[in-house]
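Written below as structure tokens is the structure these notes are about.
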Amino acid sequence: NADIPKPVLDVIARLRELGHAVYLVGGCVRDMVRKVHPKDFDVATSALPEEVQRAFRKVIPTGIQHGTVTVVQAGMHVEVTTFRSEGDYLDGRRPSSVAFERDIVKDLSRRDFTINAMAYNPLDRELVDPFGGQTDLQAHVIRCVGSAQERFSEDGLRPLRAVRFAAVLGFTLESATRDAIPATLGVFRKVALERVREELVKTLMSPRATFGMELLADTGLLDVFLPEVARANAEAARLARTAAQGSPVIVEVRMAALLADLVDRTRAREIGLRLKFPNKTADHVALLVEHAKLEEHVADADPALRRMLAKLGLALLPHLIDVARARISARAPDRVSELEALFDRLEALADAKPPLSAKELALTGGDIMATLGVGPSPIVGEATRFLMDSVLDDPGLNTAETLKTRLQEWHARTAK
Ligand code: ATP
Ligand code: MG
């Protein structure tokens with residue numbers, strides 16, 4: 001009980017005082033049994049939502065129709081949900097109705113996996129575990145509550161959650177749970193892609209990303225939302241997974257490491273948008289994929305590297321190095337030191353803060369027009385590109401005086 005914050009215990013004690021059944025449920029119970037510190041505490045009770053609202057001074061009606069009330073206790077937000085069961089699932093994602101229940105076991109039986117279907121009452125230190133959650137935790141298996149086939153047919157997200165929990169916890173899927181996935185893919189196809197992405201990200205960011213991605217591929221789930229990876233040949237897919245798991249735990253980096261050798265930048269961006277990543281994330285993944293093959297640049301001189309940095313953007317360089325390092329470690333470990341020398345050169349070039357875009361030129365658009373004696377016209381764009389090209393070759397040229405001279409020379413040459 002030492003793990004449970006005082007406000008949570010106070011909420012539980014208050015509901016008990018009023019004669020209601022009350023338990024901690026879900027992920028926090030799983031984590032306490034595993035002796036891991038839970039990240040949040042969910043409370044379930046036989047009290048109806050109105051009764052919960054009346055029992056506390058400060059409450060937020062978060063999801064009253066589903067029975068959830070947020071109690072604000074000593075500044076902490078505690079979610080309290082009335083025991084419930086669910087009606088038939090019609091859309092492969094949400095039950096058509098929910099009914100409030102008096103019995104905790106009814107509530108636990110609607111939950112997805114045995115390890116997530118335990119309840120704990122800290123007042124009498126009572127663990128309610130009707131489906132063998134403790135045994136499965138010890139055996140490191142993810143097992144559906146009841147018939148896997150039925151549970152996956154109700155809610156298409158569950159198979160993906162099963163894989164995610166397996167990857168995050170380092171567990172395996174119990175065989176009936178695993179075997180039910182291919183037959184229920186039709187329901188999985190109806191799941192909103194942002195929900196799919198959330199689970200994919202958790203899987204990909206886990207310490208067993210390779211295992212999780214392989215399981216997604218083997219069960220047929222991956223083909224539904226990432227056919228580019230699912231249909232890659234076995235060796236290419238293995239290298240992509242290894243690169244992803246070998247890279248730092250940063251979404252853009254892991255996505256780019258996974259995709260870099262399987263798709264081009266356009267497809268990478270399309271995948272990012274398809275999976276409803278924010279536009280900026282999709283753009284970053286696309287840029288990282290475009291430039292990931294840094295081994296092709298080991299012989300480049302500084303101007304070529306600067307041009308590459310200009311396209312990439314300096315801010316993404318640390319991520320690009322992460323992606324390139326993970327790829328090369330997976331594909332050609334003997335080339336890592338050669339690449340490290342290139343990374344050092346790129347970092348040194350970046351540290352020198354060279355001008356990489358027109359706004360960093362020592363001459364403004366106004367200066368250029370004045371020097372050329374023209375107003376706004378296409379020639380200003382051409383002149384800017386010429387100057388940009390000069391300073392990418394040699395950043396030392398980026399002073400107003402030098403650029404003015406070069407601009408006049410250029411103008412004299414092109415005007416003829
Ligand atoms: P996490 O550490 O990822 O938060 P969690 O177990 O708390 O893990 P949540 O998604 O927060 O997972 O869900 C809380 C609880 O609600 C789960 O433990 C499970 O009992 C139940 N649950 C969540 N999603 C589903 C679902 N799709 N089907 C059935 N039960 C679910
Ligand atoms: Mg949770």
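The values are calculated or read from the model by the stated rules, or taken from the named source; none is laboratory data. What you see is a predicted model; the values in this text were computed from it and never measured. Here Cβ is always computed from backbone atoms with ideal geometry, including for glycine, and neighbour counts include all displayed protein chains.
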Are any residues in region 320-359 surrounded by 19 or more Cβ atoms within 10 Å (Cβ to Cβ) and aromatic (Phe, Trp, Tyr), and if so, which ones? none
Any hit, region 266-280, residues being assigned to a loop (DSSP other than H, G, I, E, B) and crowded, with 24+ Cβ neighbours inside 10 Å: no
Would it be correct to say that Arg111 is within 16 Å of ligand 1 (Cβ to nearest atom), basic (Lys, Arg) and part of a loop (DSSP other than H, G, I, E, B)? yes
Given the criteria assigned by TED's automatic domain parsing to the domain that holds Asp31, within 29 Å of Ile4 (Cβ to Cβ) and within 26 Å of the chain's Cα centre (by Cα), does Phe113 qualify? yes
Pull up region 16-49, narrow it to residues that are more than 10 Å from ligand 2 (Cβ to nearest atom) and in a helix (DSSP H, G or I), then point me to the one that is farthest from the chain's Cα centre (by Cα). Glu17
